[in-house]
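Encoded as structure tokens, the structure appears first; notes follow it.
The values are calculated or read from the model by the stated rules, or taken from the named source; none is laboratory data. Keep in mind it's a predicted model, so treat the numbers as computed, not measured. Cβ: placed from backbone, ideal geometry, glycine included. Neighbour counts: every protein chain shown.
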Amino acid sequence: MSDTPVDVVPVPPAEPGTSEEAPPSFDPRINVLCFLATVATVFYVAPAWGGENPSGLIDHLRAGWPFAVPLLTILLFHEFGHYFAARLHGVPASLPYFIPIPLGLGTFGAVIAMPERVRSRNALLDFGAAGPLAGLVVALVVLSIGLSLSPVLPLAQGGGWQEGQSLLYLGLKYLVLGPIPEGHDVALHPTAAAGWAGLLLTVLNLMPYGQLDGGHIAYALLGKRHQVIGRWVRWGVLALGLAQLVRFMAPVLLDKVQRPWHEAFLDASTWLFWFLFLSLLRSYQGGDDHPETDDSVLSPWRRRVAWLCALVFVLLFMPTPMSRVN
């Protein structure tokens, strides 16, 4: 699912001849317009997540709100977790710029502009971790409610889409629904689909690379050692994408599975897309390295938060975020 939302917080270098201390100027009207456009695109795609195809506007809103409202709530908590953490440390930051896209989840997440680099490791950790953890708490509540509304049904004869499975997701399904009989699966309610999307959003943002949230956290914890991790992460994503490409495309090309080749390619496209995205991010930020902080001190309890985020990343990781099951 290549159009999964992502939260990237750019920290651009200062322009030559300018001062990092110059007060930033942000126009909140742009943020409002971006958010309203994102609300429109999320509602536009939302009915499809419930398997509906309404014709009128009222029916569209009725069918779409069980997915759109929870997903937008998760995104808002995620982004404002970053924003308030920045404000808490006195770091200039814009309001979130949400990115609308009329495909997939209806949004590509949001960005927060920060004209100055974060100078303190403690502040960097708080900023990087606040968004994913705030969004995750809401996503788990949304997913629990959605799973309680989701029936367990026999697998459809014609196949269907299979959402990615993570350890935390599997555990929550077991807690809410109990053991699932063989040959059955959960037919996700739209609210459960929104909660699942929140988990996917969180794990992608926690990837320890560059200026993704996970990159901020990894640098705050490890310092310059994060640079080595960042390089391994980018090439590891490519390796995973190529492995998925072989997994899904080889049976089609060898005529062992009867399905359109482009459908199989889409199943394998997530991590290939992410390698491309990380490569573009690398080009933007001038390499795999994270901007340095002015100190090397991270408080003990923040170290625990950083390792908690690493554990969350492992528990949420989905080898195949979305695939077609025949």
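Taken over the range 1-49, residues that are surrounded by 13 or more Cβ atoms within 10 Å (Cβ to Cβ), touching a Gly at 6+ places or on another chain (Cβ under 9 Å) and at pLDDT below 85 amount to 9. Just name the residue that is nearest to Ala134 (Cα to Cα) out of those in the range 233-259 that are at pLDDT 90 or above and surrounded by fewer than 15 Cβ atoms within 10 Å (Cβ to Cβ). Only one residue fits best here, namely Trp235.
Is it the case, given these coordinates, that Ala220 is free of Cβ contacts under 8 Å to residues at least 40 places away in the same chain, among the small types (Gly, Ala, Ser) and either under 22 Å from Phe108 (Cα atoms) or not in a loop (DSSP other than H, G, I, E, B) (or both)? No, not satisfied.
The residue that is surrounded by the fewest Cβ atoms within 10 Å (Cβ to Cβ), among those in the range 58-108 that are assigned to a strand (DSSP E or B) and of a type in the set (Phe, Trp, Tyr), is Tyr97.
Here Gly223 fulfils each of the conditions (1) over 30 Å from Leu72 (Cβ atoms); (2) in contact with a His (Cβ under 8 Å, 6 or more places away or on another chain) apart from (2).
When the range 97-112 is examined, which residues are found to be of a type outside the set (Val, Ile, Thr) and in contact with a Leu (Cβ under 8 Å, 6 or more places away or on another chain)? Spell out how you get there, then give the answer.
First, the residues of the range 97-112 that are of a type outside the set (Val, Ile, Thr): 97-98, 100, 102-106, 108-110.
If the condition is that a residue be of a type outside the set (Val, Ile, Thr) and in contact with a Leu (Cβ under 8 Å, 6 or more places away or on another chain), then Phe98, Leu105, Gly106, Gly109, Ala110 are the ones that fit.
The residues of the range 166-225 that are surrounded by 19 or more Cβ atoms within 10 Å (Cβ to Cβ) and aromatic (Phe, Trp, Tyr), listed by number, are Tyr169, Trp196, Tyr209, Tyr219.
From the list Leu124, Leu140, the lone residue that is farther than 16 Å from Met322 by Cβ, surrounded by 17 or more Cβ atoms within 10 Å (Cβ to Cβ) and at pLDDT 95 or above is Leu140. Figure legend. Inter-residue proximity from the range 297-326: first residues touching a residue at least 40 places away in the same chain (Cβ under 8 Å), second residues part of a loop (DSSP other than H, G, I, E, B) and among the basic types (Lys, Arg), beta-carbon distance below 7 Å, spacing 6+ or different chains. Indicated pairs: Asn326/Arg259.
Annotation: Arg231 fulfils all but one of (1) under 18 Å from Leu276 (Cα atoms); (2) touching a helix residue (DSSP H, G or I) at 6+ places or on another chain (Cβ under 9 Å); the unmet one is (2). Mind checking whether some residue in the range 232-240 is in contact (Cβ under 8 Å) with a residue 60 or more places away in the chain and not charged (D, E, K, R)? Yes: the range 232-240 contains one or more residues that are in contact (Cβ under 8 Å) with a residue 60 or more places away in the chain and not charged (D, E, K, R).
Checking each residue in the range 113-141 for being touching a Leu at 6+ places or on another chain (Cβ under 6 Å) and not in a helix (DSSP H, G or I) picks out only Val118. One residue stands out in the range 260-299 among those that are assigned to a helix (DSSP H, G or I), surrounded by fewer than 17 Cβ atoms within 10 Å (Cβ to Cβ) and of a type in the set (S, T, N, Q): the one that is modelled with the highest pLDDT, namely Ser279.
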